Structures are given as structure tokens and as C-alpha cells.
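Participant: I have a structure I would like to understand better, so I am pasting it below and will then ask my questions one at a time.
The values are calculated or read from the model by the stated rules, or taken from the named source; none is laboratory data. Everything quoted here is computed from the prediction, not taken from an experiment. When we count neighbours, we look across all protein chains shown, and the Cβ atoms used for this are built from the backbone with ideal geometry, even at glycine.
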Amino acid sequence: MSIVISTEATADIPEYQFRDDLKIIPMGYTVNGVGYDGVTEKLSPKEFYAAVSQAQTKSDLPQTTMVTEYLATEFFEEILAAGNDLIHIAFASVLSGTFDQETKALNVLKEKYPERKITIIDSKSASYGEGMIAYQALLKKDEGASYEEIVKFIEDIREYTNAIFVIDDLMHLCRTGRATKNEAYIGTALHIKPVLYIANDGTLQPWAKVMSTKKALKTMLNMFLNNAKKPEDTNFVCVGHADNIEDAQLLIDAIKEAGYKNVGLYDFGPVIGTHVGKDAVSIIFIGNRKDESVKNA
């Protein structure tokens, strides 16, 4: 019997971190009326963000759906039927109904597989904020931690998993309904770049508005440097991007220059990418509690 850690495609876990005891629920999407399962049928990041950029209205944007109880049941049962215990790290419940659907599925499966240990944990995060928690849980498992110790570890570390983002395209926020036309037009004219963070409850909150991409990247970097664990106490930092490798690489180089050795890169997947838009970038790290990071930035 083994312990399997699972999560959803919203975790944006890069392929170089895939392993047999990590299972990811795929999430499909539709672009211009064509459906993709996200596994065997999918667009490249460049193709996907080209479609995002060409959208004129919210209805033109790619369409994504949450994980249903039926899909969750099929996914989880395969793991449990193989004799594994399960710890599922879920997309923030305040952002999607996925957590509720998965909980319903697991409640039924707990009765069907009473001999299995089954736990679902709200990550209170999204994108690789969710993925970072899964990655750290796997490292804890590798240390020989028990099932109960891993669950407790996840519940603790989610409070210290920081995720900060810069949104490049204000017109995209207008299309998604997160900004008015006036805000988008004025902000675009002034080259304003919103900096956002994932709060303690899992919601995506505005933190700062700065003029120019250069200043936005510097703001993100300063927030990271002021709140991340010291390089010698940090096993991984990850930078994400939505078809914007140039800015992502600038952040990676700066983080490495500050002494952080293990700095990874990930792509925003279709589900998260639909909301953040092309050219968004992020830094995901373990540091101060999320509420304290905002105060210390």
C-alpha cells in the first residue's frame, strides 16, 4: 500500500515534477467551439494564448469547467482500487465548486473503501501555489513521513505558500469582467500593471498598481526578497508565465543572483491562463504567512 498525492490541472505542475505517486485530474477546455481534453488533445501555450489575445468579448474567451462529481469519482476510484491511500490537494474552494464536487465523490468512496485512508484538503491557492503544496508534500513523503504527518504538514504549509502575480493586459481583465472599460482604457494608456496575491482564504486580491512592466517585476521581486525563506532554507522557488518567457527569465535570473539555487519555471495552464491573460507572470515561494507577506512587502 502506498500514499498517493493528487491535485487538479489548475495546479499547473510542470512535467519535470511528474512522478508515479502524483496524480493530476485533467480539466478540459473549449477554444473557438473546439473541445480539448487537456491530455491527448490540447493546444500549445503559444496557440492557446494567441486565442486568448484575439478574444474581443468574454464569450470569445476559452471556456473552462470545474471538475464534476462524476469525473472526480472515476479519477479517485482508480487510485483507491489499486490499494493506495489518498491525500487530495484541491483548488481553492472560494474560487471554484470543484472542491465541493470532489468532497461529495470522496464521501461516497470512503464508504466503498473503508480500509483506505482518504483526505481532501483545500489548498486555499491556485496555479502553482496549489502545485507547490503538492510538491512539498511529496518531498515530505520522501523523508519517510507518515500519512498523518503529511496531512498535518500540508495544512500548515498552505498558510506559508505565497503566490504573487502581475497581470499585463488590462483589456483582458475587462473582457473577464474584473475591470470596467474605463479602468482598462485608462490603465492601458498609463501602462499600469496590477500586482495581485492569493490571500489566506484563497481569493485573488489586488495588492499594488505600478506603471510599467519593469517596475511591476521589481515590485514582485522585492516582495519575494522581503518575505521568502533565506536561500539556505529554501528547497524550491518557481516562476510562472503566460507565453512570456522573457519576463519570466528576468525574474529567474534575479532570484538566482539573490542566492536561490533551485528556481523552476512553469506555464500557466488553460484554466488559470483564461483568467490571467497573455503575458502574466508569477513568483511562487514558501515564506512568511500570506497575510504577513503583504504587510512586509
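Participant: Assess whether Y36 counts as being touching a residue at least 24 places away in the same chain (Cβ under 8 Å), buried (at least 21 other Cβ atoms within 10 Å of the Cβ) and not basic (K, R). Lay out the reasoning, then the answer.
Facilitator: Numbers: touching a residue at least 24 places away in the same chain (Cβ under 8 Å): yes; buried (at least 21 other Cβ atoms within 10 Å of the Cβ): no; not basic (K, R): yes.
No; evaluated as a whole, the condition is false for this residue.
Participant: Among (1) assigned to a helix (DSSP H, G or I); (2) over 22 Å from G277 (Cα atoms); (3) in contact with a strand residue (DSSP E or B) (Cβ under 8 Å, 6 or more places away or on another chain), there is one condition T73 misses while meeting the rest; what is its number?
Facilitator: The number of the failed condition is (3).
Participant: Tally time: how many residues in the stretch 39-75 are small (G, A, S) and modelled with pLDDT of 80 or more? Break it down into steps so the answer makes sense when it comes.
Facilitator: Start the filter on the stretch 39-75 by keeping residues that are small (G, A, S), which leaves 44, 50-51, 53, 55, 59, 72.
So of that shortlist, the ones also modelled with pLDDT of 80 or more come out as 44, 50-51, 72.
The qualifying residues number 4.
Participant: Report, ordered by the first and then the second residue, all pairs with beta carbons closer than 7 Å, sequence separation of six or more or different chains, a first member in the stretch 211-228 that is within 15 Å of L196 (Cα to Cα), and a second member that is hydroxyl-bearing (S, T, Y).
Facilitator: Going by the 7 Å Cβ cut-off, the qualifying pairs are M223/S293.
Participant: Just one of A184, A208, A189, A179 is modelled with pLDDT under 85, touching a Cys at 6+ places or on another chain (Cβ under 9 Å) and either assigned by TED's automatic domain parsing to the domain that holds A92 or aliphatic (A, V, I, L, M) (or both); which is it?
Facilitator: The match here is A184.
Participant: Suppose we keep only residues that are polar (S, T, N, Q) and in a helix (DSSP H, G or I) within the stretch 7-29. Which one would you say is surrounded by the fewest Cβ atoms within 10 Å (Cβ to Cβ)?
Facilitator: Q17
Participant: List the pairs whose first member sits in the stretch 10-30 and is on the phi > 0 side of the Ramachandran plot, whose second member is assigned to a loop (DSSP other than H, G, I, E, B), and whose Cβ atoms are under 9 Å apart, counting only residues at least 6 apart or on separate chains?
Facilitator: That search, which allows pairs on different chains as well, returns D12/A126; D12/S127; D12/F268; D12/G269.
Participant: Are there any strands (runs of 3 or more DSSP E) wholly within the stretch 216-297 with 1 or more residues that are under 30 Å from A55 (Cβ atoms) and among the polar types (S, T, N, Q), and if so which?
Facilitator: Ranges flagged: 281-286.
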